Amino acid sequence: MYYPRKINETIYYVGESDRRLDLFENMFELPQGVAYHSYLIKDEKTALLDGIDETVSERYYENVRAALDGRDLDYLIVHHVEPDHCSSLNNILREYPNCTMLLTKKGLDFMHQFYHLEYEDRVRVVGEGDTLDLGKHKLQFIMAPNVHWPEVMMSYDSTDKILFSADAFGSFGAIEGHLFADQVNFERDWLAEARRYYINIVGRHGASVMRVFKKIEDLDLKIKMICPLHGLIFRTREDIAMIMDKYQKWATYEPEEEGIVFVSASMYGNSQNLNDILAAMLADRNISNIRIYDVSKTPVSEIIADLFRFSHAVFTCLTYNTELYPGMDALLRELTMLNYANRKIAFLENQSWGGRALMIARDIFSKSKNLEEIAEPFKIKSSVAPEQLSDLEKFADQIAATFTK
Ligand SMILES: Cc1cc2nc3c(=O)[nH]c(=O)nc-3n(C[C@H](O)[C@H](O)[C@H](O)COP(=O)(O)O)c2cc1C
Ligand SMILES: [Fe+2]
Ligand SMILES: [Fe+2]
């Protein structure tokens, strides 16, 4: 059953939320679910903007039918060919035989690769600056390669001044009644999931995000609304400025605020004890924003999001079968893949009889940009020895000295 939802007089929201899926892309936890957005513009012509994931597609077909309310579908616009938006599209094309699909050249290749597209004769390939006239609404296509797939484009409705931004500005989290960021306490209730989404899914592609921002600036678009493919819609000047500001920081790999994230993997609790003591020492030195994670416990995507949020990090290199503990090894490699940079870091090392953990960690980070080691690694053998406490105090002093407040 579709309950009609409009984002303005002529544009319907026809997306759906999924609160059953455990892992997005079989990888990312979804404690608050996830939503896949799709919009239907009803003008002299009708246009459906993107599809949704197959997990909720049956409801979606109902939504589109109900929102069309007896009208035919003229256009299907595909901003991004990833399966969470496109696994439903062959069915849409089958149901609306007069509908033309618009997408990029690369997008068309991917439609063939992923879905063995059945309707190539109904495709219009579009590129930078191409437009689509729907009557009152005119859509302008803006190429956004590598945000975060190579075929991504955005579109700008110059009549209502809406940017349809594909996955950019999206967030994990199912819709809870409200569609707009100004209807909720976004910073309190949504920002963490928007950050976790951006950093983990798009994070590697900061330079491409910045290129699109530049393009948008050059085109002098007067954006009044941003409609992403997940998460909430931004429509107030303050919310648009707020999310743009966050994106600016994330895409340039600048920390949002001062703070320190400890990451360890501790099998018997001794490395954890070292983290706890050092964190307490930093708290006593008036450092705020301290987070302590065990990589074996907390979802890695959450740890990564906080590592991007804060300015400092301490990584415990625990030796495991002579190598770096596998979970930590994977975390550091994922961080470098996401271009983790511009942070102040320190290493702790725990080994009981020998190995290369610290060397491996340093080697993984060796290609990273501007990761400044602010103190020589602090080493323990199995557990913190009482006589090491004064040295640990000095280590804490060194870290605290690099905070501005
Ligand atoms: C399965 C296993 C393999 C380990 N392999 C090594 C090793 O190769 N070299 C080493 O110095 N310590 C090794 N350790 C010891 C750990 O590095 C660490 O010193 C010990 O687990 C104590 O720290 P924790 O209490 O934080 O787990 C190993 C521990 C386990 C459980
Ligand atoms: Fe995507
Ligand atoms: Fe997506």
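The values are calculated or read from the model by the stated rules, or taken from the named source; none is laboratory data. As the structure is a prediction and not an experimental result, all values here were calculated from the model. Note that each Cβ is placed from the backbone with ideal geometry, even for glycine, and that neighbours are counted across all protein chains shown. Side chains included, ligands, DNA and RNA excluded: accessible areas come from the protein's heavy atoms. Shrake-Rupley method; radii C 1.70, N 1.55, O 1.52, S 1.80 Å.
Short-range pairs are left out: with C-alpha atoms under 8 Å and at least six residues apart, the relative contact order of the chain is 11 percent. The range 123-149 and the range 351-372 have their alpha-carbon centroids 45 Å apart. A probe of 1.4 angstrom, applied to the heavy atoms of all protein chains, finds Thr236 with accessible area near 40 square angstrom. Here the 3J(HN,Hα) profile of the range 358-365, calculated from phi with Karplus coefficients 6.51, -1.76 and 1.60 at θ = phi - 60°, is 5, 4, 5, 4, 4, 5, 4, 7 Hz, Gly and Pro shown as x. Ligands, DNA and RNA excluded, the heavy atoms of Glu44 present near 140 Å² of accessible surface to a 1.4 Å solvent probe. Mind listing which chymotrypsin sites (Phe, Trp or Tyr not before Pro) in the range 200-276 are in a DSSP loop and have 12 or fewer other Cβ atoms within 10 Å? For chymotrypsin sites (Phe, Trp or Tyr not before Pro) across the range 200-276 that sit outside H, G, I, E and B with at most 12 neighbouring Cβ atoms in 10 Å, the list reads Tyr268.
The modelled label-to-label distance between Asp189 and Asn146, using points 7 Å beyond Cα along the C-beta direction, is 3.7 nm. For the range 273-405, the orientation-averaged shadow of the C-alpha convex hull comes to 7.6 nm² (one quarter of the hull surface).
Fully extending the segment from Glu323 to Thr402 would add 25.4 nm, taking 0.36 nm per residue of separation and subtracting the current Cα-Cα distance.
Only protein heavy atoms count here; under a 1.4 Å probe, Val184 has an accessible surface of about 40 Å². Each listed q (0.11, 0.12 Å⁻¹) maps to a log10 I(q)/I(0) for the chain, found by the Debye formula over equal Cα scatterers with no solvent: -0.82, -0.93. Converting phi to 3J(HN,Hα) with the Karplus coefficients 6.51, -1.76 and 1.60 and the offset θ = phi - 60°, the range 40-56 yields 10, 8, 10, 10, 4, 10, 10, 9, 9, 9, 6, x, 9, 6, 5, 4, 10 Hz in sequence order, with x at every glycine or proline. A simple rule links phi to the HN-Hα coupling: the Karplus curve 6.51 cos²θ - 1.76 cosθ + 1.60 with θ = phi - 60°, which for the range 4-10 gives x, 10, 10, 9, 7, 4, 10 Hz, with x for Gly and Pro. Taking the charge dipole of the range 5-251 about its Cα centre, with +1 at Lys and Arg Cβ atoms and -1 at Asp and Glu Cβ atoms, the residue from Gln183, Leu134, Ile243 reaching farthest to the positive side is Ile243. In plain terms, the chain from Glu58 to Lys379 could stretch by 109.9 nm, reckoned as 0.36 nm per residue minus the Cα-Cα distance. Restricting the trypsin sites (Lys or Arg not before Pro) of the range 204-255 to loop positions (DSSP other than H, G, I, E, B) with no more than 10 neighbouring Cβ atoms within 10 Å leaves Lys222.
The dipole here belongs to the chain: it is taken about the Cα centre, uses +1 on the Cβ of Lys and Arg and -1 on the Cβ of Asp and Glu, and is about 560 debye. Please give me, ordered by residue number, the trypsin sites (Lys or Arg not before Pro) of the range 292-348 that lie in loop per DSSP and have at most 15 other Cβ atoms within 10 Å. Hits after loop and neighbour filter: Lys297. Across the accessible surface of the chain, with the other protein chains kept in place and a 1.4 Å probe, carbon and sulfur atoms take up 48 percent.
Taking 7 Å steps out from each Cα toward its Cβ at Glu254 and Ser366 produces label points 3.1 nm apart. Counting only heavy atoms of protein chains, what accessible area per residue, in Å², does the range 258-400 have with a probe of 1.4 Å? Roughly 44 Å² per residue, with all protein chains present. A 1.4 Å probe run over the protein chains yields, for the range 5-251, 40 Å² of accessible area per residue, whole-number rounding.
Under 17 Å from a label point set 7 Å out along the Cα-to-Cβ vector of Tyr3, the amide N atoms of the range 149-179 belong to 174-179.
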